[in-house]
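> Before I ask anything, let me first share the structure, which is written out below as structure tokens.
The values are calculated or read from the model by the stated rules, or taken from the named source; none is laboratory data. Since the structure is predicted, the reported quantities are computational estimates derived from the model, not experimental observations. When we count neighbours, we look across all protein chains shown, and the Cβ atoms used for this are built from the backbone with ideal geometry, even at glycine.
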Amino acid sequence: MAGNDAPSSGGLVGPIPTTVSLASCPALEAKSILPPVRVFRSTSVENLNSTPKDRAYWRAKSLRRLFSMREPEEDLEGSARLPIVEESIECLRRNDYGGYTIPAHNLYPFQWNWDSAIVAAGWAVFDEARAWEEFEKLFSGQWEDGMVPSIIFHRPSTSYFPGPEIWGSPAAPSESTGITQPPVASVSARFLFEHTEHAELAEEQMADLFPKLLASHRWWYKARDPEKKGIVAILHPWESGMDNSPAWDAALQFPVDNLPPYERKDLQHVNACMRPTKETYDHYLTLLYRFKAENYYDSNKLYWVSPFRMTDLCTNSILFRANRDLRWLAIKLGKTDVVAEIDEWLERGFEGFKQLWDEDAGLFKCQDQLTGKLDDAATSAAFLPLFAGVASKEQAAKLAENLKQWLDKVPFGVPSTDPRDPRFEPLRYWRGPVWIIINWMIFNGLRHYGYDDLAQRIYDDSVALTSNAGLREYFDPQTGDGAGGELFSWTAAMCLAWLDRPSAIAIGHKMSGPKIHLDQEVSPPK
Ligand code: GLC
């Protein structure tokens, strides 16, 4: 048990990792890598005949399912991935702090926004009621203005900085951060609702959740696009979820303030060569203290005063997709009065995305809203407009071409930064390592546009990485080594919901009774 922070692990045995990855990074030895395992049967390519509406490809196409619905595995015992499926279930249970799942012990001891939304899809494979609880807890931290904070501090912990006493004060610790994270919630809530096996539960949960989801999308447009550009701003690198991406380097050049002395806790858990530098942290904290000075993170003010204001591709792609999923939910729930409002977000978003396309590079780019410049960094977020379904067919073709070139440079994709860029660092957080959640989004986007072979390559790489290195936070694209936190919740959720869905569902059958037959058409609750 890890100190005061950890609740009961529900009777599961085995140590919870306390200190991880202290090997010196340059000395990490390349391990022999398991050959990629091909277990996914690719489905037929969608008809991509061009239409006059090509430019508005997204309007004409419905999105691919988040996870391909394959048959449950029959020969469970013979499956080489069985141990990782079992470990993934155990990992979520261990990281369950009572209705919410922490990303990893010690390193991240609270509820994180987009982690939870993704982790819910993992829980849903074997415990739907628990999956809905993840949303309940997340939205219990929603602010009155609709913002869903990046972190909810449900209970104290001493293993993370900056914690509640920094976001608030030692005398009045805050219940959450004052910033947000990519809005994945509507995407995974739709998935849960659409593929539920417990229609009554899903209807009850969604009746409660839908207005909260809607309020959070409205917040994004009110607080982060007050000038109605069609794309929303992030005001802190932490809001992107890709904290130290090279796409923020240029925008983080503002002078840092005179900060109170602080001690980072992340370096007690993970080697410094994998984490953001001190200089970057000084900028993170400068932003935090400046936002706090604005009447404790007043959303109406921050947009106008922040020295960091970026159009982030990750956030905007996820929001675009989330709008499409929220629209789907609105129609299913008979809330047709809000459809026009969502359509307007989508129309404006489509226009907004056009400014982010770099024709010469054949990539989307993040944009500094304060200078108007597209940032030159090519990061894995560049491929996420495929997940949104906002790219045109021509843009998708160029993205696929670019992605192939990236993948040819490293044995395991998708690196978070173009491996040919001098800023590429294979082990440092969002500057090179592979993140399985991003692989999943790119995989889904590629399939949406019909690039099944490339999608398959990413799927195979993800299977090989997790087979070889386990449920790590992220992975070295050059060696396949795992890095960062261990027994990481969203990596486990991706094994359950995506990479190993058939085995996980088969195990889920055993654990919580029979599930639906996946060869049958799945109809959403009425
Ligand atoms: C790091 C990641 C962020 C994630 C959090 C918890 O801060 O950059 O995306 O949400 O860890 O896993």
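> Could you check segment 469-499 and list, in sequence order, the residues that are among the aliphatic types (A, V, I, L, M), more than 16 Å from the ligand (Cβ to nearest atom) and assigned to a loop (DSSP other than H, G, I, E, B)?
Within segment 469-499, none qualify.
> I'm trying to understand the selection: among the residues of segment 87-120, which are more than 15 Å from the ligand (Cβ to nearest atom) and among the aliphatic types (A, V, I, L, M)?
89
> Could you go through segment 171-188 and let me know if any residue there is more than 16 Å from the ligand (Cβ to nearest atom), among the hydroxyl-bearing types (Ser, Thr, Tyr), surrounded by fewer than 16 Cβ atoms within 10 Å (Cβ to Cβ) and farther than 20 Å from residue 306 by Cβ.
Scanning segment 171-188, I find no residue that is more than 16 Å from the ligand (Cβ to nearest atom), among the hydroxyl-bearing types (Ser, Thr, Tyr), surrounded by fewer than 16 Cβ atoms within 10 Å (Cβ to Cβ) and farther than 20 Å from residue 306 by Cβ, so the answer is no.
> Further, regarding this structure: Mind checking which residues of segment 271-289 are modelled with pLDDT of 95 or more and surrounded by fewer than 17 Cβ atoms within 10 Å (Cβ to Cβ)?
The answer is 282, 289.
> So, residue 157, is that one modelled with pLDDT under 95 and of a type in the set (Gly, Ala, Ser) or not?
Yes; evaluated as a whole, the condition is true for this residue.
> Confirm whether residue 374 is buried (at least 23 other Cβ atoms within 10 Å of the Cβ) and not hydroxyl-bearing (Ser, Thr, Tyr).
No.
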